[in-house]
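Everything on this sheet refers to the single structure shown next.
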Ligand SMILES: Nc1ncnc2c1ncn2[C@@H]1O[C@H](COP(=O)(O)OP(=O)(O)OP(=O)(O)O)[C@@H](O)[C@H]1O
């Protein structure tokens, strides 16, 4: 068991309730800095709820949730949030269509969406350009965000999430809405990030095993708010566990470092 200070996420018996619904039920989860996690489960399993907790965007109803060694409920979330990079569909929708791509990224340094300050540090701009280059969209820096393709938008969102040099990066369904080529390019890019020893701890939420990038080390399978299996990806990702999680008989194939699943 690692020292608790080394844990990026430390959830103990975490419960989230809304009215009569139990969204998460006694979830235990420990994530270390060098780990790359995929959280997999069907619609309504509680994946986004878990991600929102990890992002410091909500408190658990029960149990304890520590993120970056701060206990949710006892820490000023405004101080915690810049240490965590997040991409979600909801955040993406709040980006104005007429915002320049460079500004979408650079404004993350101030934890705001939308450019409200006329001047920013040259060093921020340089970092934002480097991130855009890293994700293969440096040439789009001066374009309006609204003119980008879905794949280019996803890359912009990830560059933005990395702008503050976070210790934890949370990606909610980053490949949703991409065509096959876009998905494969994004999966390859995320695979490179996963292999980078200087990258933050990664947590990627998805419905599809095909979207798991190479280099991901751990998996949590979530079904109806409860953990079905959690741990090293090779142990957790089995046809039997997927069958339990998605509630229908499934077969799982592995081709090198990529996965495929279909009804048995
Ligand atoms: N405020 C709320 N009040 C009641 N129920 C809620 C609330 N928010 C979410 N839920 C329910 O909790 C369950 C888990 O939601 P969540 O968004 O975490 O699932 P998910 O695994 O991310 O699903 P999807 O894959 O469809 O995005 C769903 O059944 C949802 O309807």
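Key figures for this structure:
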quantity	calculated
Leading residue by the ranking (farthest from the ligand (Cβ to nearest atom)) among those in region 168-178 that are surrounded by 15 or more Cβ atoms within 10 Å (Cβ to Cβ) and in a loop (DSSP other than H, G, I, E, B)	178
Tally, over region 179-226, of residues that are within 16 Å of the ligand (Cβ to nearest atom) and farther than 19 Å from residue 35 by Cβ	7
Qualifying strands (runs of 3 or more DSSP E) (wholly inside region 184-264; at least 1 residues being at pLDDT 95 or above, closer than 29 Å to residue 164 by Cβ and out of contact with any helix residue (DSSP H, G or I) (no Cβ under 6 Å at 6 or more places or on another chain))	201-206, 218-223, 226-232
Residue within region 116-134 that is over 26 Å from residue 46 (Cα atoms), in contact with a helix residue (DSSP H, G or I) (Cβ under 8 Å, 6 or more places away or on another chain), exposed (fewer than 13 other Cβ atoms within 10 Å of the Cβ) and at pLDDT 95 or above present	no
Any hit, region 34-43, residues being in contact (Cβ under 8 Å) with a residue 60 or more places away in the chain, away from the ligand (no atom under 16 Å from the Cβ) and touching a helix residue (DSSP H, G or I) at 6+ places or on another chain (Cβ under 6 Å)	yes
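The values are calculated or read from the model by the stated rules, or taken from the named source; none is laboratory data. Computed from a predicted model, the values in this text were never measured in an experiment. Quick reminder, even Gly has a Cβ in these numbers, built from the backbone with ideal geometry, and neighbours come from all protein chains shown.
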